[in-house]
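Structure first, then comments.
The values are calculated or read from the model by the stated rules, or taken from the named source; none is laboratory data. Because the structure is predicted, anything quoted here is derived from the model rather than measured. Every residue, glycine among them, receives a Cβ derived from its backbone with ideal geometry; neighbour counts consider all protein chains shown. Quick note on the areas: whole protein, heavy atoms, side chains included, nothing else; ligands and nucleic acids left out. Shrake-Rupley method; radii C 1.70, N 1.55, O 1.52, S 1.80 Å.
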Amino acid sequence: MEHVEKIIDDKIQGKALVTENKKDNTKKLFIESYGCQMNMNDSEIVAAILDKEGYNTTQVLEEADLVLVNTCSIREKAETSVRKRLQKYNRVKKESNKKMKVGVLGCMAERLKEKFLEEEKIVDLVVGPDAYKDLPNLLEEVYEGRDAVNVILSKEETYGDISPVRLNSNGVSAFVSITRGCDNMCTFCVVPFTRGRERSRDPKSILEEIQSMVDKDFKEITLLGQNVDSFLWFGGGLKKDFKKATEMAQATAVDFSQLLDMCATKFPKTRFRFSTSNPQDMSLDVIHTMAKHKNICKYIHLPVQSGSNAMLNAMNRQHTREEYMELVDNIFKIIPEMSLSQDMIVGFCGETEQDHQDTLALMEYVKYDFGFMFAYSERPGTLAGKKMDDDIPHAVKKRRLQEVIDLQQKHALYRTQQHLGKTEEVLIEGTSKKNPNEWKGRNTQNTVIVFPKKHYKLGDFVNVKVEDCTSATLKGTAVGYSDNN
Ligand code: SAH
Ligand code: F3S
């Protein structure tokens, strides 16, 4: 899952998610997930809920009793892809599977609500991200011939009591959600509207879920949230209500750096990653905790969106370019080998050529290892959608995006070259796509590395000598097991 956002837009699309099935389950569920890792993890929660209702997963659309698509609203293109997918379901329903029911989950369900039923005749069921526990009731309605909708956003729901069924799993790495929703209200972003307000999950249930993954021999856990650094457990409820909590609850609250410390201490052989960090909520405590534990990977996805103060302000990002640079300086001071990645939006409302140059200059300053870059896509309902003019012509957005991508590629190559000649610990995650005789894994910095399989196995931690690289991948040779085995 190295290039998260690329997967979002291009790769997972139209692919059924499957798991080992129970023998006595009789109904068939075809489920697919668009968008972020959080959606993927939500699909695993949905699969767990439906497993109890007698559903096995299937890869064959034509034989499904129930088709669920977990949707993304982040950019217009993401929504267009889902609409196209619904047309495909429609054809299958007409031609070969008349009994099949179709449900829409996730951010598009939340954004469009009942409108979905009118706009897309194929849809029987619309369920928002906080209402998955209601699926058994909603399905009853559907099988009785009524359309069913639940898009209520919750103050409490974290699905902490549900043990997700892992879908398309490599048996080595898994996601564990720690927060839901986002309070940041970046003016371009639809997430606060589709996923609701921020709430954190009980650390006890997080540790229990990790324990169950470790018992099943998983080796790497990615802690997930729209804004993980904002994690704050004080007994439950919305983060904005923290000040209303009792003194006792406030005094014993657990923040993100403490949660990380708890995880890394309790499971010293497990690798930990986390995503996503909003710079404004990232504390240096987190960096110190990362420095303290070898098993917390030295990689931070630290989206900045723009290098221009005017744009950051218009986007309602709560930091300046200078503050971001200071944060980056401090990170490298504490952990010089840290790898950083960015999200950038080009062509936001009013972006001048100078603003764009500021973005390129900031990138030159940080030299990110990876990047996920997007042309601004206006989203209905957001502040920018309502109040600002999407005034940058398509051709200009396209050109600026290409400049940002080209520069990122240059920096990625610069960063991969720094690994040449080094011997690095790698967790084996699967077979290389290009060569069946090679393993694929990642080093602590999240850089993908491929090497001949020899006698090593999936899930092994091995030391790999880096001999060659492209801007995206390292190539090497395994020289032995690492001491983490
Ligand atoms: N905190 C979140 C961010 C979600 S959105 C997370 O967990 O990743 C992921 C990225 O999509 C954002 O960082 C931003 O770069 C991009 N994005 C969000 N809204 C967008 C829009 N309206 N147009 C273009 N890109 C957008
Ligand atoms: Fe979106 Fe900003 Fe939150 S990008 S997910 S509103 S941190």
### Task
Answer yes or no: is there a residue in segment 233-249 that is open to solvent by 10 Å² or more (accessible area, probe 1.4 Å) and within 16 Å of ligand 1 (Cβ to nearest atom).
yes
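Table: residues versus (1) without any contact (Cβ under 8 Å) to a residue 24 or more places away in the chain; (2) more than 16 Å from ligand 2 (Cβ to nearest atom).
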{"residue": "Ser230", "(1), (2)": "no, no"}
{"residue": "Ala253", "(1), (2)": "yes, yes"}
{"residue": "Lys266", "(1), (2)": "no, yes"}
{"residue": "Ser277", "(1), (2)": "no, no"}
{"residue": "Asp281", "(1), (2)": "no, no"}
{"residue": "His288", "(1), (2)": "no, yes"}
### Message
Just the residues that are open to solvent by 20 Å² or more (accessible area, probe 1.4 Å), part of a helix (DSSP H, G or I) and touching a residue at least 12 places away in the same chain (Cβ under 8 Å), please, taken from segment 212-228.
### Response
Ser212, Val214
### Those residues of segment 316-366 which are among the hydrophobic types (A, V, I, L, M, F, W, C), within 27 Å of Asp391 (Cα to Cα) and open to solvent by less than 10 Å² (accessible area, probe 1.4 Å), in sequence order
Met344, Val346, Phe348, Leu362, Met363
#### Entry: Among residues of segment 399-421, those that are within 15 Å of ligand 1 (Cβ to nearest atom) and surrounded by fewer than 20 Cβ atoms within 10 Å (Cβ to Cβ), counted
2
### Message
Just to verify a result, which residue in segment 56-83, among those that are open to solvent by 10 Å² or more (accessible area, probe 1.4 Å) and either part of a strand (DSSP E or B) or not assigned by TED's automatic domain parsing to the domain that holds Lys15 (or both), is nearest to Cys107 (Cα to Cα)?
### Response
Thr57
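Could you run through segment 72-89 and say how many residues are among the hydroxyl-bearing types (Ser, Thr, Tyr) and within 16 Å of ligand 2 (Cβ to nearest atom)?
Initial filter on segment 72-89 (among the hydroxyl-bearing types (Ser, Thr, Tyr)): 73, 80-81, 89.
Now drop any that are not within 16 Å of ligand 2 (Cβ to nearest atom), which leaves 73.
Adding up the residues that qualify gives 1.
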### Message
Report every pair of residues separated by at least 6 positions or lying on different chains whose Cβ atoms are under 6 Å apart, first residue within segment 365-388 and farther than 17 Å from Met185 by Cβ, second within 13 Å of ligand 2 (Cβ to nearest atom).
### Response
Tyr368/Gln342; Gly371/Gln342; Phe372/Glu5; Phe372/Asp343; Met373/Met344; Phe374/Ile345; Ser377/Arg75
### Query
Which residue, of Thr270, Thr265, is within 21 Å of Gly459 (Cβ to Cβ) and modelled with pLDDT of 95 or more?
Thr270
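Taking segment 103-114 as the region of interest, how many residues are open to solvent by 30 Å² or more (accessible area, probe 1.4 Å) and not in a loop (DSSP other than H, G, I, E, B)?
Filtering segment 103-114 for residues open to solvent by 30 Å² or more (accessible area, probe 1.4 Å) gives 111, 113-114.
Checking which are not in a loop (DSSP other than H, G, I, E, B) leaves us with 111.
Looking only at that region, the number is 1.
In this structure, does Val396 turn out to be in contact (Cβ under 8 Å) with a residue 24 or more places away in the chain and open to solvent by 10 Å² or more (accessible area, probe 1.4 Å)?
On the way: in contact (Cβ under 8 Å) with a residue 24 or more places away in the chain: yes; open to solvent by 10 Å² or more (accessible area, probe 1.4 Å): yes.
Yes: the conditions hold for Val396.
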### Message
Can you tell me which condition Ile300 does not meet? The list is (1) open to solvent by 10 Å² or more (accessible area, probe 1.4 Å); (2) within 16 Å of ligand 2 (Cβ to nearest atom), and all the others hold.
### Response
(1)
#### Entry: Long-range neighbours under 6 Å by Cβ, at least six apart or interchain, first residue assigned to a loop (DSSP other than H, G, I, E, B) within segment 408-435, second at pLDDT 95 or above and open to solvent by less than 60 Å² (accessible area, probe 1.4 Å)
His419/Val466; His419/Leu474; Leu420/Val466; Lys422/Val466; Ser432/Glu438; Ser432/Lys440; Ser432/Val450
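Outside the structural domain of Thr179 (by TED's automatic domain parsing) and either away from ligand 2 (no atom under 16 Å from the Cβ) or touching a Ser or Thr at 6+ places or on another chain (Cβ under 6 Å) (or both), is that true of Phe332?
On the way: outside the structural domain of Thr179 (by TED's automatic domain parsing): yes; either away from ligand 2 (no atom under 16 Å from the Cβ) or touching a Ser or Thr at 6+ places or on another chain (Cβ under 6 Å) (or both): yes.
For Phe332, the condition - outside the structural domain of Thr179 (by TED's automatic domain parsing) and either away from ligand 2 (no atom under 16 Å from the Cβ) or touching a Ser or Thr at 6+ places or on another chain (Cβ under 6 Å) (or both) - is met.
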### Query
Do you know which residues across segment 373-393 are hydrophobic (A, V, I, L, M, F, W, C), away from ligand 2 (no atom under 14 Å from the Cβ) and open to solvent by 40 Å² or more (accessible area, probe 1.4 Å)?
Met388
